[in-house]
Each structure stands twice: as C-alpha cells, then as structure tokens.
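The values are calculated or read from the model by the stated rules, or taken from the named source; none is laboratory data. This is a predicted model, so every value here is computed, not measured. Using ideal geometry, Cβ is built from the backbone for each residue, glycine included, and neighbour counts are taken over all protein chains shown. The area values use the complete protein model at the heavy-atom level, side chains included, leaving out ligands, DNA and RNA. Shrake-Rupley method; radii C 1.70, N 1.55, O 1.52, S 1.80 Å.
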Amino acid sequence: MHFVLSSSRILCVRVCAVSFLRVCGLKTTVSMPKRAKKNEEAVDGETGNGAEPAKKEKKGKEPEAPILYEDPQDKMTSKDGRASNMKITSWNVDGLRAWVKKKGLDWVRKEDPDVLCLQETKCAEKALPSEITDMPEYPHKFWAGSEDKEGYSGVAMLCKNEPLNVTYGIGKEEHDKEGRVITAEFPSFFLVTAYVPNASRGLVRLDYRKTWDVDFQAYLSGLDQRKPLVLCGDLNVAHQEIDLKNPKGNRKNAGFTPEEREGFTKLLEAGFTDSFRELYPEQANAYTFWTYMMNSRAKNVGWRLDYFLLSSALLPGLCDSKIRNTAMGSDHCPITLYLAV
C-alpha cells in the first residue's frame, strides 16, 4: 500500500520526531524544509550569522547636485543709454507679521527701493506691526486686505515719494473684496501691485481664475490707454516650461495649467512684456517660489511666479529685472526692477 503525504503532514511528522528526540535527551539533526518565497527571507538580507547576504543590494543613484541661479550684477543703464532713476521691489511675504519677525525689513533697508510692493500680507490694517507702520523711509503707505476672511490675501505698497493718486481693486466687487490690487499713479506711469488668485488644490478655483484673468487684463488695458504701467507681484503662474523645475509633472496643477498659461499669454499679447524674459530669454533655473516641503529651496526645485510686466512704452527705459533669491523670510524671494522713466 502506498501513502501520499502532503508537505504539511511531512512537516508535522518531523516536528513530532524532533520533540520526541529532545525529550529523550538526544541530539536533533532534522532539517526543516526551505521556504520558497523571497520575501520570507531574513530581514534586510541579513543571514543572522554575520556572513554577507547572497545578493548585495544595488546602490541607489547618487542625488544630482542642485543647479542654482546666481543673480548677475545689476545693470543700471537702459538700452537707450539712460541711467536708472526708479527702483521697485516686489515680495510675496507669506504673512506680513511672520515676515517682520524673520527680519524681512532688514533686507528691505539694504535693498532700499523707491517703492516696496508686498503681497499675501494676511494682515488686517488694524493688526499691522509697528515695525513697518512706523518706517520713516516710506512715509506713504497703502494697504488692502480681504473683507470677508481675516488673515487671507492682502497687498501693500510703501513709497518714498507720494503718488498722484492711489486706488484699490479693479472695479469689480467679486474680485475687490479679497484685497488683491493696489494701483498708484506717478507722473509718467502707473504702478500696479497684484496678488493674483490661485486656482487652488484640485483646481477648485480655476473657473474663477479664468474670470479674473479676463477682467484683470481689461483693467490693465484701460490703464495703459491713459498712461504706461508697471505690473508687479505674485501672478501665480509659471508661463513656460523654463519657468519651473518640473513642468511635466505639473501640467494639471495650479499655476501651470493650460488655462492659466493661456491667460498670461493673452496678457502679453495685449501689449505687456515680461521684463525678466526680455533681458534673460534663455535663463533657466531662475525661480521665485519654493515650497517649504522636501528641502525644495536648497535643491532649487522651484517656480517663477513673481513678475514685473511693462507696457511697451516703458521698454526703452528697462535697465534690469532682478531675482534676489538669496533673500530669506518667505517661501517667495523678492524681485527688483530698475527703470529709467
């Protein structure tokens, strides 16, 4: 008679035999069956006896050294030979009160612009820190904040010389209640600082952003018919692939959707020029925003979201458009424009 034993029954017989021999005080030499699955081997490939594992783990690929951008020496003369007589700095501070505590104003005093434009202040006028409201360098200060949400959005403009006129918003309540735009009129140009709405995670505000782009362009074009303008601020779009580190992985993310990029293209087609790309058309790795996550700033994995746009009439006086990427205090860095007006 033949018996067919399953592997489990064989294992049971061997275990019983081992137990019997141990009870009898005899040496056990019965071997256990080998396990077939690789993932059931010793943890981390260790054999438990100090020997090298049968297969050495492959070494991971060495991380690439970050490609950094170095802001070149400032150019103080325009193409038509005029010396710069207007210096404007723009900075998304990601919370004015926190930025002040991080010594942002120390950097501003060293940069010493004629006009300082701030975005995403997240601070009601009544809660502004005295360190900035009392700055004697800028006797003319203008603030705009969100009407509905405290600690949301907000822009500011600080001027050494008093503007001829200052207005808030773009004339449409649905946009103006969020405190996103200040316009100052100077003798030879308008200066507009803006914090353009983000399409948000999941693109839940993309439709609103598309409406904003149309209305904002109409507003700027109306100003441009009266007097040339400078637009500065966080425009919340990386226009071309060169303007962010990972374009392929961000095509469906806020700030790099086809709709947002098209809105920016139409703004340029309406007669405005991206001053940085005008001077540095092929410059890669030049960013103004880095997420706080994954050490992105040290790796220079960023986006260029902050701009100076100029009316065509001001282009002959363009001297330089700077990205001050070593200035700390926010997840954005400041940008500075030199202009002969």
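Observations on the structure shown:
- Hits in segment 188-205 - residues which are among the hydrophobic types (A, V, I, L, M, F, W, C) and either over 19 Å from GLY233 (Cα atoms) or at pLDDT below 95 (or both): LEU203, VAL204
- Of the residues making up segment 257-271, just one is touching a strand residue (DSSP E or B) at 6+ places or on another chain (Cβ under 9 Å) and open to solvent by 40 Å² or more (accessible area, probe 1.4 Å), namely LEU268.
- Any hit, segment 170-192, residues being under 22 Å from ILE323 (Cβ atoms) and surrounded by fewer than 17 Cβ atoms within 10 Å (Cβ to Cβ): no
- Lone unmet requirement of (1) at pLDDT below 95; (2) open to solvent by less than 50 Å² (accessible area, probe 1.4 Å); (3) not aliphatic (A, V, I, L, M) for LYS59: (2)
- Verdict on ALA284 being of a type in the set (Gly, Ala, Ser), closer than 25 Å to TYR338 by Cβ, touching a Ser or Thr at 6+ places or on another chain (Cβ under 6 Å) and open to solvent by 30 Å² or more (accessible area, probe 1.4 Å): no
- Residue in segment 197-206 that is within 26 Å of VAL301 (Cα to Cα) and crowded, with 23+ Cβ neighbours inside 10 Å present: yes
- When segment 293-322 is limited to residues that are among the polar types (S, T, N, Q) and open to solvent by 60 Å² or more (accessible area, probe 1.4 Å), the one that is nearest to LYS87 (Cα to Cα) turns out to be SER312.
- When ARG97 is tested against (1) under 19 Å from THR326 (Cβ atoms); (2) of a type outside the set (Phe, Trp, Tyr); (3) open to solvent by 70 Å² or more (accessible area, probe 1.4 Å), exactly one condition is not met: (1).
- Look at segment 63-83: where a residue is touching a residue at least 24 places away in the same chain (Cβ under 8 Å) and a partner is surrounded by 12 or more Cβ atoms within 10 Å (Cβ to Cβ) and among the acidic types (Asp, Glu), sitting 6+ places away or on another chain with Cβ atoms under 7 Å, you get ASP74/ASP320; LYS75/ASP320.
- Residues that are in a helix (DSSP H, G or I), more than 24 Å from GLY95 (Cα to Cα) and touching a Pro at 6+ places or on another chain (Cβ under 6 Å) do not occur anywhere in segment 245-254.
- Restricting attention to segment 193-223 and to residues that are free of Cβ contacts under 8 Å to residues at least 60 places away in the same chain and β-branched (Val, Ile, Thr), the residue that is nearest to ARG304 (Cα to Cα) turns out to be VAL196.
- Considering ALA254, ALA286, the condition of being within 22 Å of ASN198 (Cα to Cα) and touching a Leu at 6+ places or on another chain (Cβ under 8 Å) is satisfied by ALA254 alone.
- Residues of segment 207-244 that turn out to be farther than 23 Å from TRP91 by Cα, open to solvent by 40 Å² or more (accessible area, probe 1.4 Å) and part of a loop (DSSP other than H, G, I, E, B), as a count: 0
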